[in-house]
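Since the structure comes first, as structure tokens, the remarks are kept for the end.
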Amino acid sequence: MIVIENAAVATVDASDTYHPDGHVVVGDDGRIVATGAGPATEWAGPAAGGNDIRRVDGRGCLITPGLVNTHHHLYQWATRGLALDDTLFGWLTTLYPIWGRLDAGIVGASAGAGLGRLALSGCTLSMDHHYVFPRDGGDVLEAEIEAARRIGLRFHPTRGSMDLSRKDGGLPPDNIVETTDEALAATERAIDRWHDPSPGAMLQIAVAPCSPFSVTTRLMREAAELARRKGVRLHTHLAETDDEEDFCRKHFNCTPVEYAESVGWLGDDVWLAHGVHLDDEAIAKLGATGTGVAHCPSSNARLGAGMARVRELLNHGVPVGLGVDGAASQEVSHLGAELRQALYTARLRGGPTAMAAREALRLGTMGGARCLGRQDHLGSLEPGKLADLVVWRLDGLAHEGIDDKLAALVFGPPAPVELSLVGGAPIVERGELVHADAETLQRDAEVAHRRILS
Ligand SMILES: [Zn+2]
């Protein structure tokens, strides 16, 4: 058992219960036993059955649910810092030929660095959207799954795909796409091999054709059918830029959301990356169908794509999570920092009342759990839920004087992680990874970077 006391606790339960001085108790089964105000008096003595109790003094800290990352491309760690002043389409056109040299070694090293960085930034559950499968690149999906196991994160990689290349009117070059049949067959194999449907799953697979300008209509339709036949979730990029909207109007004679609807891609088993360029009708459709949005405010800013209408999405009941997006379109790759970026972006659009600190935290936790379909077991600190939680240290110089710990976390600079648990097991302690060595991850990522650019 683990008893954490003397800390502020933001539960993110349905009524946003917050204890300025409270406790969280984690059971041997990796689930939360109790949360509350004051000390954990019921667990003051030895544990029943003679098991050890680990006691953590959380003075100066805030306990929150672990952050959930709802959009990422881990392989992009190998190509950070390139095409720095481009739009999405310009950036992609520069990077596609480099990504054609990806292999399992590069993806594994990039995923190790990306997931290590995420863990140190308060993330306990991440998805990954991998859609580049060079013919002789080896098993890249297996490589990133191994990396997640090494770090200890809960992981939802998606089997992505592209089958619409330049010769057929798409954006990617011919050598980095698969055929439609290859993509569908490999996606089904990935689900059969890796997907764990159990409530406490550490590994789940989703189906994720890349975007309207890199995927055929047939692949979109049949990917949705496959996912529903298998009972897994669906993810894709949608409504990220004006260029994409122009592409959809030209090729499909409709908006991106109308296109998604026409191919069976609206529903409560779907979450869409970005959702920046949405009109009122599109937002109402997402709300009515329960379709989720992975909000990636830093990536949208880096590519100058625009600001998502998050306040309106929330007002329509759309599940909204946060994503760091790939490390090549957002070099910070810090999920904790995305809380503030989301709050800032909402306020730049809608003024100082457009988003509160507790709402930003909700996006980063329960909102993400809803996008990934894990809301019944993750996303809040409540008895019976999986003990994925973060103890943030907020008593250093950087946060000095901000008495409200939740305000310190969201408004202040990125906070160090004192302790992070996944299913009750520590993955970060005192700002260091428990199972991996950050210097080794960095060295391996450097080799991968040099190799893909050579
Ligand atoms: Zn993306």
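In region 123-191, the convex hull through the Cα atoms has an average projected area of 5.2 nm², a quarter of its surface area.
In terms of its C-alpha gyration tensor, region 71-122 comes out oblate, because a/c is 1.5 or above while a/b does not outweigh b/c.
Comparing GLN204, VAL263, THR216 along the charge dipole axis of region 131-272, the residue lying farthest to the positive side is GLN204, per the Cβ-charge model. Tell me whether region 399-454 comes out rounded, prolate or oblate; compute the Cα gyration tensor, take square roots of the eigenvalues as a ≥ b ≥ c, and use a/c under 1.5 as the rounded threshold. Oblate. Using a ≥ b ≥ c from the Cα gyration tensor of region 273-409 (square roots of the eigenvalues), is it rounded, prolate or oblate, where a/c under 1.5 gives rounded and otherwise the larger of a/b and b/c decides, a/b for prolate? Since a/c reaches 1.5 but b/c is at least a/b, the shape of region 273-409 is classed as oblate. All other residues whose Cβ lies under 13 angstrom from that of ASP139 are scored, Lys and Arg at +1 and Asp and Glu at -1, for a net of -1.
Could you list log10 I(q)/I(0) for region 253-305 at q = 0.13, 0.17, 0.21, 0.29 Å⁻¹, which the Debye formula gives when each Cα is one point scatterer? Log10 of I(q)/I(0), two decimals: -0.31, -0.53, -0.77, -1.18.
Note on LYS385: aspartates and glutamates with a C-alpha under 20 Å away, same-chain residues under 8 apart excluded, are GLU5, ASP13, ASP16, ASP28, ASP29, GLU42, ASP196, ASP376. For region 312-351, the extents of the C-alpha atoms along the principal axes are 31, 21, 16 Å, listed from largest to smallest.
Counting only lysines at least 8 places from LYS250 when in the same chain, those with an alpha carbon closer than 30 Å to its own are LYS167, LYS285. On the basis of the beta-carbon distance and an R0 of 45 Å, GLU146 and THR41 show a calculated FRET efficiency of 0.55.
Between region 382-409 and region 131-171, the C-alpha centres lie 34 angstrom from each other. With one equal scatterer per alpha carbon and no solvent term, the Debye-computed log10 I(q)/I(0) for the chain at 0.06, 0.07, 0.10 1/Å reads -0.24, -0.32, -0.67. If the viscosity is 1.567 mPa s and the temperature 4 °C, what Stokes-Einstein diffusion coefficient in µm²/s follows for region 291-339 when Rh is the Kirkwood radius over Cα pairs? So the translational diffusion coefficient is about 115 µm²/s.
Ligands, DNA and RNA left out, the 1.4 Å accessible surface of the chain is 50% carbon and sulfur atoms. Beyond 21 Å, what share of the Cα-Cα pairs of region 1-156 remains, rounded to the nearest whole percent? Every Cα pair in region 1-156 considered, those over 21 Å come to 59 percent.
The Stokes-Einstein estimate for region 359-431, based on a Kirkwood radius over Cα pairs and taken at 20 °C with 1.002 mPa s viscosity, is a diffusion coefficient of 161 µm²/s.
Applied to region 54-67, the Karplus parametrisation 6.51 cos²θ - 1.76 cosθ + 1.60 on θ = phi - 60° returns per-residue 3J(HN,Hα) values of 8, 10, 10, 7, x, 3, x, 10, 10, 9, 10, x, x, 6 Hz, with x for Gly and Pro.
Annotation: per residue accessible area for the chain equals 37 Å², rounded to a whole number [probe 1.4 Å, protein chains only]. This model, with +1 at the C-beta of Lys and Arg and -1 at the C-beta of Asp and Glu, gives region 171-231 a dipole about its Cα centre of some 240 debye. Under a model in which nothing but the beta-carbon of Lys, Arg (+1) and Asp, Glu (-1) is charged, the chain shows a dipole of about 60 debye around its Cα centre. Compared with the dominant principal axis of the Cα atoms in the chain, helix 140-151 is inclined by about 10°. Computed over the Cα atoms of region 323-392, the ratio of the radius of gyration to the Kirkwood radius (Rg/Rh) comes to 1.01. Hull volume per residue, based on the alpha-carbon atoms of region 111-243 and their convex hull, is 123 Å³. Helix 335-350 and the longest principal axis of the C-alpha atoms of the chain enclose an angle of approximately 70°. Normalised by the number of residues in region 173-331, the mean separation of alpha-carbon contacts (under 8 Å, six or more apart) gives a relative contact order of 16 percent.
Rounded to the nearest 20 debye, the dipole magnitude of region 286-371 is 240 debye, with +1 charges on Lys and Arg beta carbons, -1 on Asp and Glu beta carbons, and the Cα centre as origin. Computed from Cα atoms, the angle from the helix 88-99 axis to the main principal axis of the chain rounds to 90 degrees.
The values are calculated or read from the model by the stated rules, or taken from the named source; none is laboratory data. None of the values given here were measured: they were computed from a predicted structure. Here Cβ is always computed from backbone atoms with ideal geometry, including for glycine, and neighbour counts include all displayed protein chains. The protein model used for the area step is the full one, side chains on, heavy atoms only, and it has no ligands, DNA or RNA in it. Shrake-Rupley method; radii C 1.70, N 1.55, O 1.52, S 1.80 Å.
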